[in-house]
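What follows draws every value from the coordinates through simple rules; no lab data is involved. Everything numeric here is computed off the predicted structure, so don't read it as measured data. Because the Cβ atoms are built from the backbone with ideal geometry, glycine has one as well, and the counts that use them run over all protein chains shown.
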Amino acid sequence: MADILTNSKARHDYHILETFEAGIVLHGTEVKALRGGKGQIRDAFARVEKDEVFLYNAHIDEYTHGNLQNHQPKAPRKLLLHKAEIRKLFGLSSVKGNALFPLSFYWKNGKVKVALAVGKGKVQFDKRDDIKKREADRDLKRATMHRFKAKS
């Protein structure tokens with residue numbers, strides 16, 4: 001499962017409550033641009049509308065060798081999910097404070113898939129706590145590595 005695009009901001013700004021795997025409707029030039037890793041999903045979000053899920057603000061660069069039928073970079077894209085999953089997403093995303101956003105685009109059996117997440121926004125002190133934990137873990141690893149190197 002090789003990631004094509006990742007949303008680096010998502011895990012920093014949200015507590016991930018649940019993740020879903022979704023297919024995505026793409027044009028040929030969009031797939032070719034994604035093969036080159038040309039795009040970003042940092043500001044992307046999803047919305048449930050009339051029993052369908054759409055992805056907004058996902059920027060897929062225009063294919064350099066495309067012609068007049070080249071795609072629009074920020075066009076809304078339909079996500080493919082089962083009806084039960086869409087109902088569950090609607091229920092989770094309609095709760096106040098929850099957001100629906102992509103974590104990554106990746107290849108699966110030659111098709112582009114989207115890791116879609118439902119998350120609750122973090123407050124500033126939550127972000128600071130995460131940074132403190134990460135630094136403490138890093139310091140602990142560093143100390144144990146020095147200890148092992150000193151013995152050998």
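Provide, for q = 0.14, 0.29 Å⁻¹, the log10 of I(q)/I(0) from a solvent-free Debye sum over equal Cα point scatterers in the stretch 87-130. The Debye formula, applied to the Cα set alone, gives -0.49, -0.96.
By the count of other C-beta atoms within 10 Å, a proxy for reagent exposure, H12, H146 are ordered fewest to most as H146, H12.
Its residue count N fixes a reference of 2.2 N^0.38 Å for the stretch 50-119, and the Cα radius of gyration divided by that reference is 1.29.
G39 sits among other residues whose Cβ lies under 9 Å from its own Cβ, and their net charge, with Lys and Arg +1 and Asp and Glu -1, is -1. Note on K127: aspartates and glutamates with a C-alpha under 14 Å away, same-chain residues under 8 apart excluded, are D13, E135. Between the DSSP loop rule and a limit of at most 14 other Cβ atoms within 10 Å, which trypsin sites (Lys or Arg not before Pro) in the stretch 7-102 are left? Answer by residue number: K9, K50, K74, K96.
Among D43, D13, D137, the largest mean-square fluctuation in a Gaussian network model of the chain (Cα springs under 10 Å) belongs to D137. For K120 and E52, the difference between the fully extended length at 0.36 nm per residue and the C-alpha to C-alpha distance is 22.3 nm. Counting every pair of alpha carbons in the stretch 1-42, the share spaced more than 11 Å apart comes to 75 percent.
Each 5 Å bin from zero up to the one holding the largest Cα-Cα distance in the stretch 18-152 carries the following percent of pairs: 2, 9, 16, 16, 13, 11, 10, 8, 6, 4, 3, 1, 0, 0. Pairs spanning more than 19 Å between alpha-carbon atoms, out of K9/K111; K96/K120; K38/K113: K9/K111. So how strong a dipole does the chain carry about its Cα centre when Lys and Arg Cβ are +1 and Asp and Glu Cβ are -1, to the nearest 20 debye? Dipole magnitude for the chain comes out near 660 debye.
Taking amide H as placed 1.01 Å from N in the peptide plane, the amide H of K122 sits under 5 Å from that of Y14, H15, each at least 5 places away or on another chain.
Using the Cβ-Cβ distance between K149 and K88 with R0 = 41 Å, the FRET efficiency computed as 1/(1 + (r/R0)^6) comes to roughly 0.25. Considering only L89, L116, L17, the mean-square fluctuation computed in a Gaussian network model of the chain, springs between alpha carbons under 10 angstrom, is largest for L17.
Measuring r between the beta carbons of D137 and K96 and using R0 = 30 Å, the FRET efficiency lands at 0.35.
Compared with the alpha-carbon gap, the fully stretched path from D130 to R11 is longer by 41.8 nm at 0.36 nm per residue.
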